[in-house]
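The values are calculated or read from the model by the stated rules, or taken from the named source; none is laboratory data. What you are looking at is a predicted structure, and each value in this text was computed from that prediction instead of being measured. With ideal geometry, Cβ positions are generated from the backbone for all residues, glycine too; neighbour counts draw on all protein chains shown.
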Amino acid sequence: MRDQVALITGGSRGLGYAIAEGLAAAGFDVIIASRRLDACRHAAEQIMARHGVGALPVACNVSDWAACDRLVERAYDEFQSVDVLVNNAGLSPLYPSLDELSEDLFDKVIAVNLKGPFRLTAAIGTRMAELDGGSIINISSVEAVRPSPEALPYAAAKSGLNTLTKGFAQAFGPTVRVNGIQAGPFLTDIAERWPPGLKETMEQKLALGRCGRPDEIVGAAVYLATEASSYVTGAVLQVDGGRQ
């Protein structure tokens, strides 16, 4: 995939970093976007050293509409095109109870998980359709279809993201493909902050009996990013360990 460019939000750690490295290994130049520029730079340096591709670090809070627009302009100024967009940045903070969930926290969860992907997909997808096409991948969650009381705003946002996936596929076809990955529980750095016993509880609901490793999402991302999935759009691929 030489001379192809992939932009990954939330790309400095966790699933985003695993996807960025997987796409770099496949030959993509990558744009690593997240809130902290130092983390983006570190991730970009590691990827360049390991894979010999271009890697651009960009600070961006995807909950900010204007920041999303600035990210798009920076990407096209630097590379002139974006061939793959991965909307991976996500947020699912804990809250004491549903009635104690604050309006600010609710709005923040919706903004990061739904508003940002909408704006980036609308802006980049339009440019893709006007140029040579491309692939957009939205990282969803099993919470979208099996919501838990501990993550209802997140579940609602991811359900909305699945809807956007199907709608944008219709809006930007035939040259732009838009798909989703419905992720189950993965052992990223976020898992280190899970409440005691949560990992074991989740694993009891998985056919594979374990949570995923971050590298286990890479195959699905590379598949959807490349011509291997040339006849796939509007799909949401389950990568969830067989969640019941």
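I'm told Ile110 meets every condition in (1) surrounded by 17 or more Cβ atoms within 10 Å (Cβ to Cβ); (2) within 25 Å of Glu216 (Cα to Cα) except one. Can you identify the failing condition by its number?
Result: Ile110 fails condition (2) only.
Can Pro153 be described as of a type outside the set (S, T, N, Q), outside any helix (DSSP H, G or I) and farther than 20 Å from Arg13 by Cα?
no
List every residue pair whose Cβ atoms lie under 9 Å apart, where the two residues are 6 or more positions apart in sequence or sit on different chains, the first residue falls within the stretch 81-94 and is more than 8 Å from Asn138 (Cα to Cα) and part of a loop (DSSP other than H, G, I, E, B), and the second residue, located anywhere, is β-branched (Val, Ile, Thr) and modelled with pLDDT under 95.
Ser92/Ile190
Out of Leu164, Leu114, Leu120, I need the residue that is at pLDDT 95 or above, under 20 Å from Ala89 (Cβ atoms), of a type in the set (A, V, I, L, M, F, W, C) and touching a Pro at 6+ places or on another chain (Cβ under 9 Å). Which one?
Exactly one residue qualifies, and that residue is Leu164.
Do you know which residues across the stretch 7-28 are of a type outside the set (S, T, N, Q), outside any helix (DSSP H, G or I) and crowded, with 24+ Cβ neighbours inside 10 Å?
Correct list: Leu7, Ile8, Gly10, Gly11, Phe28.
Search the stretch 181-210 for residues that are at positive phi and at pLDDT 85 or above and pair each with any residue that is surrounded by 14 or more Cβ atoms within 10 Å (Cβ to Cβ) and assigned to a helix (DSSP H, G or I) when their beta-carbon atoms are under 9 Å apart and the residues are at least 6 apart or on different chains.
Gly209/Glu203
So if I check each of Glu21, Glu73, which one is among the charged types (D, E, K, R) and in contact (Cβ under 8 Å) with a residue 40 or more places away in the chain?
After ruling out the rest, the residue left standing is Glu21.
All but one of (1) among the small types (Gly, Ala, Ser); (2) under 17 Å from the mean Cα position of the chain (by Cα); (3) surrounded by fewer than 21 Cβ atoms within 10 Å (Cβ to Cβ); (4) within 12 Å of Leu7 (Cβ to Cβ) hold for Ser34, so report the exception by its number.
(3)
Could you pull out the residue among Gly90, Gly125, Gly116 that is small (Gly, Ala, Ser), closer than 26 Å to Pro195 by Cα and crowded, with 20+ Cβ neighbours inside 10 Å?
Gly90
Is it fair to say Asn179 is polar (S, T, N, Q), buried (at least 21 other Cβ atoms within 10 Å of the Cβ) and more than 19 Å from Cys68 (Cα to Cα)?
Taking the combined requirement at face value, the residue satisfies it.
I'm trying to understand the selection: among the residues of the stretch 194-244, which are surrounded by fewer than 18 Cβ atoms within 10 Å (Cβ to Cβ) and in contact with a Cys (Cβ under 8 Å, 6 or more places away or on another chain)?
Of everything in the stretch 194-244, those that are surrounded by fewer than 18 Cβ atoms within 10 Å (Cβ to Cβ) and in contact with a Cys (Cβ under 8 Å, 6 or more places away or on another chain) turn out to be Lys199, Glu203.
Mind listing just one residue for me: the one in the stretch 118-143 that is part of a helix (DSSP H, G or I) and in contact (Cβ under 8 Å) with a residue 60 or more places away in the chain and, of those, nearest to Ala183 (Cα to Cα)?
Once the filter is applied, the top-ranked residue is Val142.
Taking the stretch 57-78 as the region of interest, how many residues are surrounded by fewer than 19 Cβ atoms within 10 Å (Cβ to Cβ), closer than 19 Å to Ala20 by Cα and over 16 Å from the mean Cα position of the chain (by Cα)?
3
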